[in-house]
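A.B. asks: Structure provided below as structure tokens; questions to follow.
The values are calculated or read from the model by the stated rules, or taken from the named source; none is laboratory data. In this text, all values refer to a predicted model and were calculated from it rather than measured experimentally. Every residue, glycine as well, gets a Cβ built from its backbone with ideal geometry; the counts of neighbours run over all protein chains shown.
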Amino acid sequence: MKRVIWFVLFCSIMIIQSTYAQNKVTEQQKSEYAKGNRDRDFLKEYIEALKVDGQTEILNDVIDEYLMTLPFNERYVGENLSDFMEYVTRVDARTFIDIIKNWEKLSLSQEQADQVAVKVDNMCKMDLFNVMMEKEEENGKRPAKDYTDLQTILKKSSIPISDMRRYMIDMWQCWGKNDVSGMIQVLGKMVGDSDSSQEYEKNGNSLSLDTMFEGVVIGNMMNYVLEECNLDQCSQILEIMDHAIEKNGRTGRMEMFARMRDNFEGKKMMMEMGEE
């Protein structure tokens, strides 16, 4: 019995010592990083220590810093690409912007390119959604986050993310400027009432909505339009919606927009009756 107790104590001590030593190394590296050490070899060692230590919440920044110290032709290959895919989770990360900006220069297989494009698309979607949820927690104040840089590089990039994502960012930016007319123009593209959307459909893509995420963001933005639009703008929205419904029906991707259309019809009736 005593031998068992001593063995358990010995194992516990070894685990504690190992954990202490591991944490001690990581804390030293954290201190160097906080002081501004961005030496490539140091960052690589720091990344490995953080992975071993399970401190994944810090890896976003450190991997972003490390990858940007590398020559472009080494930045997104092998383990580096895997680290980007797994650990970089912010749309304002320099590598995230770098990939979109330099999409045509990347040396990726088709499978890798598809995976990166999906990641970029999902990161944009989730960032919009998360900011919107923060807004909900702040008593309904309109989100102040500005996506100008992201919007600009997406307009110039050929990265194959969904047009819906681009439209959402464009509408968001109009929202930030209280530009109701601009939001209505983007709405036309969203529901397929434009040549660009027809081209999008022709290329085999789909404007189907992820209600949990995209629907929440678009719904909140369109609620703002509903509150702020005048009679002419309301009529313009109904014309856009009716054209899209006639073309696509009220099911599938049009279901949410069709419900919105009914709200605008109600507002138009109230304004014509002088009740709003």
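A.B. asks: Select from region 232-264 the residues that are modelled with pLDDT of 90 or more and more than 31 Å from the chain's Cα centre (by Cα) and write down the one among them that is surrounded by the fewest Cβ atoms within 10 Å (Cβ to Cβ).
C.D. replies: D232
A.B. asks: Continuing with this model, one more query. Taking the stated definitions as given, is G252 touching a residue at least 40 places away in the same chain (Cβ under 8 Å) and not in a helix (DSSP H, G or I)? Talk me through it step by step, then tell me what you get.
C.D. replies: Values: touching a residue at least 40 places away in the same chain (Cβ under 8 Å): yes; not in a helix (DSSP H, G or I): yes.
When the stated conditions are applied, G252 passes them.
A.B. asks: Let me ask something else about it. Check L50 against each of (1) within 24 Å of the chain's Cα centre (by Cα); (2) buried (at least 18 other Cβ atoms within 10 Å of the Cβ) and name the one condition it does not meet.
C.D. replies: (1)
A.B. asks: If L67 satisfies every condition in (1) crowded, with 16+ Cβ neighbours inside 10 Å; (2) at pLDDT below 95 but one, which is the exception?
C.D. replies: (2)
A.B. asks: On to the next question. Return only the number of the condition from (1) surrounded by 16 or more Cβ atoms within 10 Å (Cβ to Cβ); (2) under 27 Å from D127 (Cα atoms); (3) among the hydroxyl-bearing types (S, T, Y); (4) modelled with pLDDT under 95 that T26 does not satisfy.
C.D. replies: Every listed condition holds for T26 apart from (2).
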